[in-house]
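Colleague: Got a structure here, written out as structure tokens. Questions coming.
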Amino acid sequence: MTPPDFFDMGARDNMFRPVRGMKDLYGPDAEKYNFIFTKIKAVGESYGFNLIYTPLLENTDVFQRSIGDETDVVSKEMYTFLDKGNESMTLRPEGTAGVIRSVVSENLAQKLPIKLMYCGEMFRYDRPQKGRFRQFRQIGFEYIGDKSPYTDVLLIAMAAESLQAIGILDFNIKINTLGDEETRENYTKAIVKYLSRHEENLSEDSKLRFKRNPLRILDSKDKRDLDICSMAPIIMDYLNKESRQYFEKVCKLLEACKINYEINNFLVRGLDYYSHTAFEIQSANTSYREALGGGGRYDKLLSIFGGPDVSGIGFALGIERLMLILKNGILVREPIRVAVIPVDEPENDYSFSIFRELQTCGINADFIHIGNLSKKMKTADRLGVKIAVILGEAEMKSGTATIKIMDSSDTSEKHKTIDINKLTAFLKWNIEERDRA
């Protein structure tokens with residue numbers, strides 16, 4: 001009987017590859033992801049933020065109302081489809097809208113101010129490229145219900161500390177203000193007046209933006225648009241008194257906190273809900289110029305979803321982009337693994353009981369029992385085991401364990417014999433010494 005076509009190697013290669021722009025995370029990448037999440041989550045917890053997990057799938061209106069119909073995210077990048085009930089659904093393209101929707105629908109707005117952090121998958125139909133995927137992961141923070149320059153600076157400081165926590169020290173913080181509604185209305189008129197003289201030279205995307213949402217042109221990466229915008233009016237010249245005082249206070253507080261920043265007059269971010277402070281963090285690594293993350297304040301987002309008229313501020317960091325920077329030289333310290341290895345099958349049960357005892361004492365341990373001793377040692381080496389605990393008939397009779405330090409070049413230190421009752425204490429001491437090194 002001829003097997004189905006999907007068993008053909010060529011067909012299988014085509015059918016079972018990841019979807020374009022999406023990738024599996026395993027091995028070192030999975031460890032790097034967990035490292036980033038754990039470290040940045042700890043920063044959030046130190047500031048009093050609590051985790052929230054929102055659905056991957058939301059009603060399309062959640063994003064259209066909050067992000068803005070004329071943004072690139074909504075108009076070109078969202079994964080939107082009709083479900084079996086003929087309802088329009090969208091895979092979340094960013095985290096803030098879902099969190100705010102949850103705050104309103106779960107009546108969390110009664111507990112304001114509230115600090116929430118999230119981590120998970122986002123989806124945007126974009127051209128896959130270095131550090132940019134169609135399924136990507138973000139970790140983000142939202143501080144809702146406290147409008148003041150102090151919270152703006154707090155979130156910017158948290159973003160910087162999050163990068164420092166994972167070992168990324170060389171980055172630039174760019175900030176700008178988008179002012180209040182009055183400021184943006186006046187500034188938009190000035191931008192339209194200026195760009196109308198250059199409309200025919202704009203990129204095709206920006207020609208569309210000019211009619212629908214001209215401020216988005218300032219966010220363009222097209223060289224033609226960049227050249228035109230370099231001489232455009234800046235929002236600083238259109239700030240009303242309240243907006244100017246607010247931004248000046250943010251800058252003074254950043255300086256008082258010794259947080260280095262640079263004002264970028266054309267930083268508008270890509271989402272419509274921002275107002276007042278907006279910021280972006282870029283790697284100083286010249287080989288990678290994409291933003292590592294960013295955020296800003298939003299004044300009307302809760303009220304869009306039927307909640308109270310209160311302000312919030314948030315930011316998010318792109319985990320894949322952070323992973324890319326880590327690959328370029330930051331060493332992630334892997335956990336020190338121990339393997340318990342019986343010499344022959346008769347020692348399996350005894351060795352397994354020792355392995356379980358080490359696990360219950362908090363030691364990262366493996367139990368390797370398949371194959372002969374040579375094969376077991378090769379397996380341990382492949383798994384990155386640093387310390388092997390070898391138990392044979394002689395060790396069982398004498399109540400000892402043979403220790404092999406897998407990564408030692410010192411032959412006098414490479415093999416040791418330890419009393420089995422002192423094994424746990426010896427391993428913990430050895431691991432702690434390595435962590436301090």
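The values are calculated or read from the model by the stated rules, or taken from the named source; none is laboratory data. In this text, all values refer to a predicted model and were calculated from it rather than measured experimentally. As a convention, Cβ positions derive from the backbone with ideal geometry for all residues, glycine included, and neighbour counts pool all protein chains shown.
Colleague: If you scan the stretch 29-50, which residues turn out to be touching a residue at least 12 places away in the same chain (Cβ under 8 Å), over 14 Å from residue 316 (Cβ atoms) and not aromatic (Phe, Trp, Tyr)?
Modeller: 29, 31, 32, 39, 42, 48, 50
Colleague: OK, next. Is it the case that the stretch 143-164 has a residue that's farther than 21 Å from residue 280 by Cα, touching a residue at least 40 places away in the same chain (Cβ under 8 Å), touching a helix residue (DSSP H, G or I) at 6+ places or on another chain (Cβ under 7 Å) and not hydrophobic (A, V, I, L, M, F, W, C)?
Modeller: No, the stretch 143-164 has no match at all.
Colleague: Hey, any hits in the stretch 156-164 for a residue that's assigned to a loop (DSSP other than H, G, I, E, B) and at pLDDT below 95?
Modeller: No: the stretch 156-164 contains no residue that is assigned to a loop (DSSP other than H, G, I, E, B) and at pLDDT below 95.
Colleague: While we're on this one: Give me the pairs, please: first residue somewhere in the stretch 342-362 and among the β-branched types (Val, Ile, Thr), second residue anywhere and surrounded by 14 or more Cβ atoms within 10 Å (Cβ to Cβ) and assigned to a loop (DSSP other than H, G, I, E, B), beta-carbon distance under 6 Å, and either six or more positions apart or on two chains.
Modeller: The qualifying pairs are 343/392.
Colleague: Of all residues in the stretch 223-273, count the ones that are surrounded by 18 or more Cβ atoms within 10 Å (Cβ to Cβ), farther than 28 Å from residue 93 by Cβ, of a type outside the set (A, V, I, L, M, F, W, C) and within 30 Å of the chain's Cα centre (by Cα).
Modeller: Residues meeting the conditions: 1.
Colleague: Which of the residues spanning the stretch 222-243 are free of Cβ contacts under 8 Å to residues at least 60 places away in the same chain and in contact with a Gly (Cβ under 8 Å, 6 or more places away or on another chain)?
Modeller: 235, 238
Colleague: Report yes if some residue within the stretch 197-213 is touching a strand residue (DSSP E or B) at 6+ places or on another chain (Cβ under 9 Å) and acidic (Asp, Glu); otherwise report no.
Modeller: Of all residues in the stretch 197-213, those touching a strand residue (DSSP E or B) at 6+ places or on another chain (Cβ under 9 Å) come to none.
There is no residue in the stretch 197-213 that is touching a strand residue (DSSP E or B) at 6+ places or on another chain (Cβ under 9 Å) and acidic (Asp, Glu).
Colleague: Would you mind stating whether residue 204 is acidic (Asp, Glu), under 33 Å from the mean Cα position of the chain (by Cα) and at negative phi?
Modeller: yes
Colleague: I want to confirm something. Restricting to the stretch 292-314 and keeping residues that are touching a His at 6+ places or on another chain (Cβ under 8 Å) and part of a strand (DSSP E or B), which single residue is nearest to residue 269 (Cα to Cα)?
Modeller: In this case the residue turns out to be 296.
Colleague: Does residue 174 satisfy being more than 25 Å from residue 277 (Cβ to Cβ) and of a type in the set (Lys, Arg)?
Modeller: It is false that residue 174 is more than 25 Å from residue 277 (Cβ to Cβ) and of a type in the set (Lys, Arg).
Colleague: Which numbered condition in (1) in contact with a Leu (Cβ under 8 Å, 6 or more places away or on another chain); (2) under 30 Å from residue 275 (Cα atoms) is the only one that residue 354 fails?
Modeller: (2)
Colleague: Going through the stretch 24-46 one residue at a time, which ones are of a type in the set (Lys, Arg), closer than 15 Å to residue 324 by Cβ and touching a strand residue (DSSP E or B) at 6+ places or on another chain (Cβ under 8 Å)?
Modeller: From the stretch 24-46, those of a type in the set (Lys, Arg) are 32, 39, 41; that's our starting set.
Then drop every residue that is not closer than 15 Å to residue 324 by Cβ, which leaves 32.
Selection gives nothing.
Colleague: So which residues in the stretch 238-265 are among the β-branched types (Val, Ile, Thr) and part of a helix (DSSP H, G or I), if there are any at all?
Modeller: As a first pass, look at the stretch 238-265 and keep what is among the β-branched types (Val, Ile, Thr): 250, 259, 263.
Matches in the stretch 238-265: 250 only.
Colleague: When you scan the stretch 334-431 for helices (runs of 4 or more DSSP H) that lie fully inside it, which ones turn up with 3 or more residues that are surrounded by 12 or more Cβ atoms within 10 Å (Cβ to Cβ) and outside the structural domain of residue 32 (by TED's automatic domain parsing)? It would help to see each step written out before you state the result.
Modeller: On the way: elements: 348-360, 373-382, 393-398, 411-414.
Result: 348-360, 373-382, 393-398.
Colleague: For the stretch 192-210, how many residues meet the condition of being buried (at least 17 other Cβ atoms within 10 Å of the Cβ) and among the small types (Gly, Ala, Ser)?
Modeller: Matching residues across the stretch 192-210 total 2.
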